[in-house]
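Working notes, structure below.
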Amino acid sequence: MEKTPEFLKNRILWRAKHFKLTPDFTFLFEQLASSQKNAFSNLAENSGLGKPVIYFTKDINQWTLVCTNGIVSCYNDKSSKICYTDIKSMRPEFLDSIPEGMPIDISKTKKSEWNELIIYDKSDNKHCLATKTGQDHFALMNIILMMRKLMGW
């Protein structure tokens, strides 16, 4: 089966519909203002990440743009991009802050408060993806997991 940009877009939207996304912080690409759509389309195209589909925000300088071939993000004025096929690992920020080999006490955090997803690429570069807490965070995680499988991970 050929995985066209339209097919990938529809899969991302299908996965996102399984979550109650925060209307003031998460937007379908088509819902954005024309100026934002133009800017994000150029950014995604120039980065080779395909068509933009969903825009997650946390604060003014913290956002994540899910595209058909990868993700563009901005975290505190530092932008990054990553293709789904280049993702080595991902975890919530809470788990990333625990040194490797140390015991994890999940009772020290609430999953509903997680709002940053940490991704490491195959070159061990760290990418921080910001979302609103709760359902938005888990929607992004699940979209990435699905896209990694679709892309042959």
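Please treat every number below as a calculation from the coordinates, not as lab data. What you see is a predicted model, and the numbers here were worked out from it, not measured in a lab. Quick reminder, even Gly has a Cβ in these numbers, built from the backbone with ideal geometry, and neighbours come from all protein chains shown.
Odds and ends about this structure:
- Selection within segment 97-153 - among the aliphatic types (A, V, I, L, M) and exposed (fewer than 11 other Cβ atoms within 10 Å of the Cβ): 102, 104, 106
- Exactly one residue out of 35, 73 is small (Gly, Ala, Ser), within 23 Å of residue 126 (Cβ to Cβ) and not in a loop (DSSP other than H, G, I, E, B): that is 73.
- Within segment 54-79, restricting attention to residues that are in contact (Cβ under 8 Å) with a residue 24 or more places away in the chain and in contact with an Asp or Glu (Cβ under 9 Å, 6 or more places away or on another chain), the residue that is farthest from residue 27 (Cα to Cα) is 75.
- Residues that are acidic (Asp, Glu) and closer than 21 Å to residue 148 by Cα within segment 64-123 comprise 86, 93, 96, 116, 121, listed in sequence order.
- Entry remark, segment 1-19: residues being hydrophobic (A, V, I, L, M, F, W, C), surrounded by fewer than 17 Cβ atoms within 10 Å (Cβ to Cβ) and not in a helix (DSSP H, G or I) number 1 in total.
- Just one residue in the set 81, 58, 110, 88 is touching a Gly at 6+ places or on another chain (Cβ under 7 Å) and not aromatic (Phe, Trp, Tyr); that residue is 81.
- Residue that is surrounded by the most Cβ atoms within 10 Å (Cβ to Cβ), among those in segment 80-96 that are part of a strand (DSSP E or B) and of a type outside the set (Lys, Arg): 82
- If only residues of segment 109-153 that are of a type in the set (Lys, Arg) and either in a helix (DSSP H, G or I) or closer than 21 Å to residue 11 by Cα (or both) are counted, the one that is nearest to the chain's Cα centre (by Cα) is 148.
- Search result, residues across segment 20-43 that are under 14 Å from the mean Cα position of the chain (by Cα) and buried (at least 17 other Cβ atoms within 10 Å of the Cβ): 21, 25, 26, 27, 29
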